[in-house]
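Visitor: Dropping the structure in here first, questions after.
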Amino acid sequence: MAVQGSNANPVVRNFPKILTYIVLTLGAFVMVLPFIWMLLTSVKIDSEIFGDSLKWLPSQFDFQNYSNAFTQTNMGRLFANTVFVTAVSVFSQVILGSMAGYAFARLHFKGKNILFFSLLATMMVPFEVLIIPVFLFVRAFPLAGGNNLLGQGGTGLFNTYAGLIFPNLISVFSIFLFRQFYLRFPHEIEEAAIVDGCSRAGVFWRILLPNSRPVMATMALFAFLWSWNDFLWPLVVVKKDALKTLQLGLSLFNQEQGTQWAELMAASTMAVVPVIILYLVLQGFLTKGAVTSGID
Amino acid sequence: MNIVTQTPAVKQKKSLGQRLYKYYNSQAFVALLFLIIPVGLLIILKIYPIFYNLYLSFTRYELFEPPRFVGLRNYKWVFQNDVTRQSIWNTLLFTIEAVPLGTALALVVAKLLDENFYGKIMYRTLYYLPVISSIVVSAMIFRWIFNPQQGLLNYFLGFIGIPPQTWLSDPNLALLSLVMVTIWGSIGGNMIIFLAGLQDIPKEVLEAAKVDGANAFQRFIQITIPLLRPVILFVVVTFTISTFRNFGLIFLLTQGGPLNRTNTLVWEVYMSVFANLRLGRGAALSMVMLVMVFILTILSFRVIRERQG
């Protein structure tokens, strides 16, 4: 913008910048307004929600909606279930992804490229397409839920935590991300450790893994969002109330309550706020990680 | 997995322990050790299901009796039944309405955010908020916003003289409503990918164009977009796949209705399997979905490549 800056009037000179701000602010308003509206609705009393004219701000803050929503959805249980399922999924995706990523980036073995690219190709296949065979596999899991060795007779991992977690144990994306990271990792350190008598597995556990914190944080964030926000799989694999996840509970709350908008918005707020906080915290960590992503 | 172990070259006699260690420490063995669980899980979750699904699509299977081979009958049903034919059309319509506009908006936002200015990170976070919110939370909020009586959308449209609409129960507006939520929820994620792509564009090229007298709009159209083509391709393909997968919004907002106007393929898969217990039909529908994803991916690669050449 400096080239056309011969104009002395600052408003005219800065016009492109001002326009950028206006457009971006309008867009951001559209992005955020639904959340603001959720927050505002969640503390209103019914007469203000169903009034003839729309009222933006509540005349009084009614936090009763939050406690009602919390008890009616049994949110403590939903939270505990979701935290457990998410924690196991994130841990597993990070560890298994880093192990496989290391093997694909640093080790030589026959058929490596064919194997890697056929796994990569499955990234294009949406999970929803495979839900029938995966569901049948989980239901016919051997020696679980009353099944015999051949997976017959019972319900397998259907209606269990293991069934909820199972499809989230691994992601191709995680393998891909760690492989890219390890491909760029300096070879000298690894070679020096091997010369010093460290085993290959030791190189991974002691040198590569501790130094992959930035990519681990990135992957953990993705895995967290996928698992925490997952809806279709919990919907089909869990029917017991005690096993329901936050998203599932929230979706059913709506059906039972019909038009209890304030309580529904309160429940939604409680479901989304932890995610936003965690995102902001991890985002800080990620930007820091990008700066210090070298070797300590 | 074809893993060939490197046989240690035996030059002098080594103890059994040494030989075992050498084997244990060979690249092939460590690779086997590290890959057996992840690859095993992916075979169970991603590779075997493709083939089993293909098999199931040729059978009649109602869960409580074993699958029975019926040839192409399920596919015939998919292509001859009005409801499923409409679901294929709705899936395409949904993608056509959401992907081009959503991609363009994400690109524009990314371009505007690519400059250095005060508050950049805050803006980026605000645009990203819909992405971290779950589909269920988004659906709940928009169900309230679309509400015909107290909804925010009708309130705003009232200012420009548009009468209140029954968004989710109007056959002509239901799909459009879902498209709006989808675009709203997708801009942030696609924006991040575009921002990464924009960083890779050499600043010298843009500076040179500026010196030659190209204005910001010309630089964007004639330099940024052509250089960004591979990234645009990536966004279009992943966004398309994600609209194909969009089950949650339909389940929570329209249940495929009204008048089957929002019954996309993924919704019909769910209905055939988990509501009607017709697993063979569901498998055939999901194979059609898979083929559509495949064709669209290849087509987008083609389009981008031709334009480039």
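The values are calculated or read from the model by the stated rules, or taken from the named source; none is laboratory data. Please read these numbers as outputs of a predicted model, since none were measured by experiment. So basically every Cβ, Gly included, is an ideal-geometry build from the backbone, and we count neighbours across all protein chains shown. What goes into the accessible areas is simple: the full protein's heavy atoms, side chains included, and nothing from ligands, DNA or RNA. Shrake-Rupley method; radii C 1.70, N 1.55, O 1.52, S 1.80 Å.
Visitor: What would the Debye equation give as log₁₀ I(q)/I(0) for segment B:146-292 at q = 0.13, 0.16, 0.19 Å⁻¹, counting only Cα atoms as equal point scatterers?
Guide: Normalising to I(0) and taking log10 leaves -0.81, -0.95, -1.08.
Visitor: Return the value, in Å² to the nearest 100, of accessible area buried between chains B and A (probe 1.4 Å, both sides summed). Could you put the intermediate results ahead of the total?
Guide: Working: alone 19390 and 17630 Å², together 28940 Å².
In total, this chain pair buries about 8100 Å².
Visitor: A further question on this structure: Looking at chain A, do any whole DSSP H helices span at least 30 angstrom along their long axis by alpha carbon and average -0.5 or above on Kyte-Doolittle, and which? If you can, show how the numbers build up before the last one.
Guide: Working: long enough: A:15-42 (40 Å, 1.80); A:75-106 (45 Å, 1.09); A:261-291 (44 Å, 1.51).
Helices passing the filter in chain A: A:15-42, A:75-106, A:261-291.
Visitor: Next up: Counting only other chains, what is the mean number of Cβ atoms within 10 angstrom of the Cβ of each residue in peptide A:198-209? Mind showing how you got there, number by number?
Guide: Numbers: counts 1, 4, 9, 6, 1, 1, 2, 0, 0, 0, 0, 0.
Per residue, the average neighbour count from other chains is 2.
Visitor: In segment B:16-56, carbon and sulfur make up what percent of the accessible area (probe 1.4 Å)?
Guide: Numbers: 1630 of 2090 Å².
It is 78 percent, rounded to a whole number.
Visitor: Using DSSP to call loops (not H, G, I, E or B), can you name the chymotrypsin sites (Phe, Trp or Tyr not before Pro) in segment A:13-74 whose Cβ has at most 15 other Cβ atoms within 10 angstrom? Please list the in-between numbers first.
Guide: On the way: sites: A:Tyr21, A:Phe29, A:Phe35, A:Trp37, A:Phe50, A:Trp56, A:Phe61, A:Phe63, A:Tyr66, A:Phe70; in loops: A:Phe50, A:Trp56, A:Phe61, A:Phe63.
Answer by residue number: A:Phe50, A:Trp56, A:Phe61, A:Phe63.
Visitor: Where in segment A:35-73 does accessible area fall by at least 20 Å² between the isolated chain and the complete protein assembly, at a 1.4 Å probe radius?
Guide: A:Phe35, A:Trp37, A:Ile49, A:Phe50, A:Leu54, A:Trp56
Visitor: I've got another one for you. Counting just the Cα atoms, what span does the protein assembly as shown cover along each of its three principal axes? Round to the nearest Å and put the largest first.
Guide: Projected onto its principal axes, the Cα set of the protein assembly as shown covers 92, 74, 51 Å.
Visitor: Cut-off 10 angstrom, C-alpha nodes, Gaussian network model of chain A. Which of A:Val90, A:Val272, A:Val125 fluctuates the most?
Guide: A:Val125
Visitor: While we're looking at this one, here's another question. Between beta-carbons, use under 12 Å as the cut-off and find the net charge around B:Ser26, counting Lys and Arg +1, Asp and Glu -1.
Guide: Around B:Ser26, the surrounding residues sum to +3.
Visitor: Run the accessible area of segment B:73-308 with a 1.4 Å probe and give the carbon-and-sulfur part as a rounded percent.
Guide: Numbers: 6600 of 10540 Å².
Taking all protein chains in place, segment B:73-308 shows 63 percent carbon and sulfur surface.
Visitor: Follow-up. Among B:Ile121, B:Asn172, B:Gly185, which residue has its Cα furthest toward the positive end of the charge dipole of segment B:73-308, with +1 on Lys/Arg Cβ and -1 on Asp/Glu Cβ?
Guide: B:Asn172
Visitor: Ok, one more. Around B:Gln255, which amide H atoms from residues at least 5 apart in sequence, or from another chain, sit under 5 Å from its own amide H, with H modelled in the peptide plane?
Guide: Under 5 Å from the amide H of B:Gln255: no residue qualifies.
Visitor: Can you tell which of B:Gly280, B:Gly256, B:Gly197 shows the greatest fluctuation in a Gaussian network model of chain B with Cα springs below 10 Å?
Guide: Of B:Gly280, B:Gly256, B:Gly197, the most mobile in the Gaussian network model is B:Gly197.
Visitor: Still on this model: For chain B, just run the numbers: alpha carbon Rg, then divide by 2.2 N^0.38 Å, N being how many residues it has.
Guide: So chain B has a normalised radius of gyration of 1.33.
Visitor: Past 19 Å, Cα to Cα: identify those pairs from A:Lys240/B:Lys46; A:Lys110/B:Lys13; B:Lys111/B:Lys210, in the order given. Before the final figure, lay out the partial values.
Guide: Working: A:Lys240/B:Lys46 27 Å; A:Lys110/B:Lys13 28 Å; B:Lys111/B:Lys210 16 Å.
Pairs exceeding the cut-off: A:Lys240/B:Lys46; A:Lys110/B:Lys13.
Visitor: Hey, another quick one. Once you've got the GNM for chain A with C-alpha springs shorter than 10 Å, pick whichever of A:Lys110, A:Lys55, A:Lys17 has the biggest mean-square fluctuation.
Guide: Checking each option, the largest mean-square fluctuation is seen for A:Lys17.
Visitor: Going by amide H atoms built from the backbone, whose H comes under 5 Å of the H on B:Arg278, apart from near neighbours?
Guide: Amide H neighbours of B:Arg278, under 5 Å, 5+ apart: B:Val273.
Visitor: Let me ask something else. Answer with one residue from A:Ile114, B:Ser300, B:Leu20: the one whose Cα lies farthest towards the positive end of the charge dipole of the protein assembly as shown, charges on Cβ with Lys, Arg +1 and Asp, Glu -1.
Guide: B:Leu20
Visitor: Write down the accessible area per residue of the protein assembly as shown in Å², having rolled a 1.4 Å probe over the full set of protein chains.
Guide: On a per-residue basis, the protein assembly as shown sits at 48 Å².
Visitor: Starting from the alpha-carbon convex hull of segment A:164-221, give the projected area averaged over all orientations, in nm². Before the final figure, lay out each step's value.
Guide: Details: hull surface 18.6 nm².
About 4.7 nm², averaged over all directions.
Visitor: Anything losing 40 Å² or more of accessible area from the isolated chain to the full protein assembly: pick those residues out of segment B:159-203, probe 1.4 Å, ligands and DNA/RNA ignored.
Guide: Those are B:Trp184, which lose 40 Å² or more relative to the chain on its own.
Visitor: Another question about this same structure. Enter the Cα centre distance for the pair segment B:231-309 and segment A:91-163, rounded to the nearest angstrom.
Guide: One Cα centre to the other: 22 Å.
Visitor: Could you give the DSSP H helices of chain B that reach 20 angstrom or more along their long axis (alpha carbon positions) and whose average Kyte-Doolittle hydropathy is no lower than -1.0? Numbers along the way, then the final one.
Guide: On the way: long enough: B:27-42 (22 Å, 2.51); B:82-113 (46 Å, 1.05); B:174-199 (38 Å, 1.68); B:229-244 (22 Å, 1.81); B:279-308 (43 Å, 1.20).
The answer, listed by residue number, is B:27-42, B:82-113, B:174-199, B:229-244, B:279-308.
Visitor: Scaled to the compact-protein estimate 2.2 N^0.38 Å, what is the alpha-carbon radius of gyration of segment B:16-56, rounded to two decimal places?
Guide: It is 1.79.
Visitor: Evaluate 2.2 N^0.38 Å with N set to the residue count of segment A:64-126, then give the Cα radius of gyration divided by it. If you can, show how the numbers build up before the last one.
Guide: On the way: Rg = 20.1 Å, N = 63, 2.2 N^0.38 = 10.6 Å.
Its radius of gyration relative to the 2.2 N^0.38 Å reference: 1.89.
Visitor: Now, a different point. Just how many % of Cα pairs in chain A lie over 25 Å apart, if you round to the nearest whole percent?
Guide: On the way: 28383 of 43660 pairs.
Considering chain A, 65 percent of its Cα-Cα pairs are separated by more than 25 Å.
Visitor: Right, something else. Any idea what diffusion coefficient segment B:189-230 gets from Stokes-Einstein, in µm²/s, Kirkwood Rh on alpha carbon pairs, 37 °C, 0.692 mPa s?
Guide: On the way: Rh = 10.7 Å.
Roughly 307 µm²/s, to the nearest whole number.
Visitor: Summarise the partner chain shielding of B:258-266 as one whole number: the mean count of Cβ atoms from other chains within 10 Å of each residue's Cβ. Walk me through the intermediate numbers first.
Guide: Details: counts 0, 0, 0, 0, 0, 0, 0, 2, 5.
For this peptide, the per-residue mean of nearby foreign Cβ atoms is 1.
Visitor: Tell me the carbon and sulfur percent of the accessible area for segment A:88-238, rounded to whole percent, probe radius 1.4 Å.
Guide: Taking all protein chains in place, segment A:88-238 shows 67 percent carbon and sulfur surface.
Visitor: Answer with one residue from A:Pro186, A:Gly197, A:Ala223: the one whose Cα lies farthest towards the positive end of the charge dipole of segment A:174-228, charges on Cβ with Lys, Arg +1 and Asp, Glu -1.
Guide: After comparing all options, I get A:Ala223.
Visitor: Right, another one. Count, for each residue of A:228-235, the Cβ atoms from other chains sitting within 10 Å of its Cβ, then give me the mean as a whole number.
Guide: Working: counts 2, 9, 4, 9, 8, 0, 0, 6.
Mean inter-chain Cβ contacts per residue within 10 Å come to 5.
Visitor: Using the Cα centre as the reference, give the magnitude of the dipole from point charges on the C-beta atoms of segment B:65-161 (Lys, Arg: +1; Asp, Glu: -1; all else neutral), rounded to the nearest 20 debye.
Guide: Values: 8 positive and 5 negative charges, 49 e Å.
Value, rounded to 20: 240 debye.
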